[in-house]
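Structure record follows, encoded as structure tokens.
Every number here is computed from the coordinates shown, using simple stated rules; none is lab data. Quick caveat: nothing in here was measured; it's all calculated off a predicted structure. Note that we place each Cβ from the backbone using ideal geometry, even for glycine, and neighbour counts take in every protein chain shown.
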Amino acid sequence: MRLSLRVFFIVFFFSVISVVSKAEITLKDLIFDDSKPYHIKILETLPKNAIIQVGPDNAKHTVIEFFDYFCGYCKKIHPELINLANSRDDVRVVFLQHPILNESSNVIARFAIAANMQGKGIEFHNEIFSIEGSITQEKLKEAVIKSGVNQIKFQIDLEKDEVDKLIALSSFIAGGSGARGTPSMFVNEFFYPGYLSKDRIEGLLNQ
């Protein structure tokens, strides 16, 4: 791993240590363990509630998307990624928050993390990207209801500091990985900024 990445990880670790303490990976492993690919270490760094995933943990292939709910290309690629994960037993798709387009992006990211805290992250995620037209307050409320979350727990979780810390951590890792915009993706250990079609991703997986 390049020195710049090692320095990045050191700064990152100490700036978010209160969150990383819940993760599986240690500081030593994060910086110096070259036995694991970088994209795998990202997932081991992030606590479970920060990760929205489709597909098995032990899948041969991993696709990671850093996304923003107001990103048009993220919306375009979403059904393709879901279809990819559902059509292949050897692929998992992981969606990680990177709300950079506007303040509303961060609001919806907070909703997604709160939903994920009760195991409804992917349901909420799918509902948001299924919205036609602009995301209004009414449509957002409807997405929360359709996702099947417990409304009382959802409101309680929204007030937790952990929600903001998880989003900050995810976005920090995105930026440190090279994600200057959304979508930005890992297809296994290789990083790709910008949109990739399902056919292109499958081609990369089959290499």
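Contour minus end-to-end for SER104 and LEU158, with contour as 0.36 nm per residue of separation and end-to-end as the Cα-Cα distance?
Gain on stretching SER104 to LEU158: 18.0 nm.
Over what distance in Å are the Cα centres of the range 169-207 and the range 31-98 separated?
Spelled out, the Cα-based centre of one part sits 9 Å from the other.
Express as a percent, rounded to the nearest 5, the fraction of DSSP beta bridges in the range 51-205 (both residues included) that run antiparallel.
So the antiparallel bridges in the range 51-205 amount to around 60 percent.
For the range 51-205, calculate the relative contact order in percent as a whole number, restricting contacts to Cα pairs under 8 Å that are 6 or more residues apart.
32 percent
Just check the range 51-205 against the gyration tensor rule for me: Cα atoms, a ≥ b ≥ c as the square roots of the eigenvalues, rounded for a/c under 1.5, and otherwise prolate or oblate depending on whether a/b exceeds b/c.
Judged from the Cα gyration tensor, the range 51-205 comes out prolate (a/c at least 1.5, a/b above b/c).
Provide the gained length on full extension for the span ASP199 to ASN150, in nm with one decimal, where the gain is 0.36 nm per separating residue minus the Cα-Cα distance.
Stretched out fully, the ASP199 to ASN150 stretch lengthens by 13.9 nm.
How would the range 109-163 be classified by its alpha-carbon gyration tensor: rounded, prolate or oblate, with rounded meaning a/c under 1.5 and the a/b versus b/c comparison settling the rest?
It is prolate, given that a/c is not under 1.5 and a/b is the larger ratio.
Peptides 148-161, 96-109: what's the order by average Cβ count within 10 Å, highest mean first?
Result, highest mean first: 96-109, 148-161.
Would you mind checking LYS120/LYS141; LYS75/LYS198; LYS75/LYS165; LYS48/LYS160; LYS120/LYS146; LYS36/LYS165 for any pair whose Cα atoms are more than 18 angstrom apart?
The pairs that break the limit, which is 18 Å between Cα atoms, are LYS75/LYS165; LYS36/LYS165.
What size of dipole, in debye to the nearest 20, comes out for the range 49-142 about its Cα centre when the only charges are +1 on Lys and Arg C-beta atoms and -1 on Asp and Glu C-beta atoms?
With Lys and Arg at +1 and Asp and Glu at -1, about 80 debye.
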